[in-house]
Amino acid sequence: MTDRIKKLEKRFLESIATWVIENSGDNMDLKVITLQTIKISRDLSHARVTISSAMDVRKAITFLNGNSGSIKRHLSKVMQLKRVPSLDFSVDLFHLSALEVAAIQEKYQE
């Protein structure tokens, strides 16, 4: 992975986080999400963003994927790129499995 892609990934995460904060409104499921990673393809045609959430992660994923066009427009305004990649939001499976393990541990400690 090139340094350019790494720098773009960092800027994309920051810009997407800004969009989420500005557009989450009263939706508490969005206020507690964490953007974990982003992987941008070399040709800048596609980006996969993984998130985790302390609340209902399915609602957050549905909201973000449904508004990916709006997020893409926001990115095109704040970043000077010829092409802004299509965005795909998914659950960070590592974080999700850690939450499941914690829930199981809590259940057996009672």
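Coordinate-derived values only; no laboratory data. Not measured: the values here are computed from a predicted model. Reconstructed Cβ throughout: ideal geometry from the backbone, glycine too, with neighbour counts over all protein chains shown.
Projecting the Cα positions of Ala60, Thr50, Leu13 onto the charge dipole of the chain (unit charges on Cβ atoms of Lys, Arg, Asp and Glu, taken about the Cα centre) puts Leu13 furthest along the positive direction.
Scanning residues 5 or more positions from Ser86 or on other chains, those with amide H under 5 Å from its amide H are His46, Ala47, with H placed 1.01 Å from N in the peptide plane. One chain, two ends: Asp88 and Arg42. Fully extended at 0.36 nm per residue, the span grows by 15.0 nm beyond their Cα-Cα distance. Determine the shape class of the stretch 3-109: with a ≥ b ≥ c the square roots of the Cα gyration tensor eigenvalues, call it rounded for a/c under 1.5, and otherwise prolate if a/b is greater than b/c, oblate otherwise. Prolate is the answer for the stretch 3-109, as a/c is 1.5 or above and a/b outweighs b/c. Charge dipole of the chain (Cα centre as origin; +1 on each Lys and Arg Cβ, -1 on each Asp and Glu Cβ, all else neutral): 820 debye, rounded to the nearest 20. In a fully extended conformation the segment linking Ala17 and Ala54 would gain 11.7 nm over its present Cα-Cα distance, using 0.36 nm per residue. For the Cα atoms of the chain, what angle does the longest principal axis make with the long axis of helix 3-23, in degrees from 0 to 90, nearest 10? Helix 3-23 and the main axis of the chain meet at about 70 degrees.
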